[in-house]
Amino acid sequence: MTDLTRCLGFRSSAKLARAFAIVAALAAAISGGTADAAATLDHAPYGTTQGGQAVDIFTMTNDHGLRLRFLSYGGVITEIDVPDRAGRVEDIALGLRTLRDYETLPGHFGAITGRYANRIGGAQFTLNGQTYHLIANNGPNTLHGGPNALDHQSWTVSPTQAPDGVAATLSYVSPDGDQNFPGTLTTHVTYTLTNDNALRVDYAVSTDKDTVINFTNHSYFNLAGNGSGSVADQTLLVNADRYTPITPDLIPTGEIAPVEGTPLDFRHMLPIGARLSSAFQQMVYAHGYDHNFVLNKGPGDSLTFAARAYDPRSGRVIDCSRPSRRCRSIPATA
């Protein structure tokens, strides 16, 4: 069994703290919500896949009226509706117009991404002395688990008890040999929208063979609202002293390098577009930012601050946290 948790906190603030030491002191009040409203989970038909599978759309609303919508197809998060400092509500998650778009267009918008998020060089890996040849779908490499990976599957969705909000668990069984990965992989992903305005994503997976996994959620955000234009003036802070340099085809070299002195240094709040056109070779390779940051570790197993994004126009803030202990693994059993 492998467990992993990620947490996003949403808030609006008229001012932004400049020092990481006072991040926790930010006002967390969200105006414009529905006072004393009960948290709810509703669903409705959304469409049918090209393969004939029915897809539902689920709507989660917390006690403050913060709303999240997602699909049973790929666990795609289609909307996150958050008020600004004046109480005006906008959808800050970028999404597509139709189910067919989610099936056919690139970008992996909002989806559960696995079995293996990011690229596997040469579309192959060696485990326990055996080489597994995957399906190349990004030049010579395998991207996000292959062309028919978990973001293109219909998941079973079940309501889940959440003492501090509303939750749902998405489940899917990927058979042994799926996309040429070893092992039958059973995955449960729980979305929890808490009453203190956080989206918590918990991943739990088990397998009957040794295998490789690397899950994430592939949401894109615009804190000014979906369709509002560029995020270049929005600011970002990443709690990382190091990053992984990449080759020209975006495969990590294996080196872990300091961010200091590079355009990848976001240890202090900086506009996202400030160094986007840098001639730094890593930025040229990626046509901007397409790198892994090596997050600084926190103590124990508690959630640790990872990153913050802020839109000065709307006052919307996202704080991202992750566990200090990355995951818990138990050897596979037959």
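Observations
- Computed accessible area, Thr78, all protein chains, 1.4 angstrom probe, square angstrom: 10
- Rolling a 1.4 Å probe over the protein chains gives Phe305 an accessible area of about 30 Å².
- Rounded to the nearest 500, the 222 nm mean residue ellipticity of the chain from helices alone is -1000 deg cm²/dmol, with -39,500 (n - 2.57) taken per DSSP H run of at least 4 residues.
- Difference of contour (0.36 nm per residue) and Cα-Cα distance, Arg100 to Arg267: 56.2 nm
- In a fully extended conformation the segment linking Tyr220 and Asp176 would gain 12.8 nm over its present Cα-Cα distance, using 0.36 nm per residue.
- Total formal charge among the other residues, if their Cβ is under 15 angstrom from that of Thr104, Lys/Arg +1 and Asp/Glu -1: -1
- Rounded if a/c under 1.5, otherwise prolate or oblate - the range 90-230, Cα gyration tensor axes: oblate
- Just so you know, the averaged projected area of the alpha carbon convex hull for the chain sits at 17.3 nm².
- Length gained on full extension, Thr253 to Ala286: 10.5 nm, using 0.36 nm per residue less the C-alpha separation.
- Sites excluded, trypsin sites (Lys or Arg not before Pro) in DSSP loops with at most 16 other C-beta within 10 Å, longest stretch of the chain: 98-208
- Portion, in percent, of the accessible area of the chain that falls on carbon or sulfur, probe 1.4 Å: 53
- Neighbours of Val76, meaning other residues whose beta-carbon lies under 15 angstrom from its beta-carbon, give a summed charge of -3 when Lys and Arg score +1 and Asp and Glu score -1.
- Per residue, the range 103-169 exposes 44 Å² of accessible surface when a 1.4 Å probe is rolled over the protein heavy atoms with every protein chain present.
- Accessible-area value, Glu90, 1.4 Å probe, nucleic acids and ligands omitted, Å²: 80
The values are calculated or read from the model by the stated rules, or taken from the named source; none is laboratory data. Quick caveat, the model's predicted, so the values are computed rather than measured. Glycine gets a Cβ as well: all are built from the backbone with ideal geometry, and neighbour counts include every protein chain shown. Heads up: the accessible areas ignore ligands, DNA and RNA and are worked out on the full protein's heavy atoms, side chains in. Shrake-Rupley method; radii C 1.70, N 1.55, O 1.52, S 1.80 Å.
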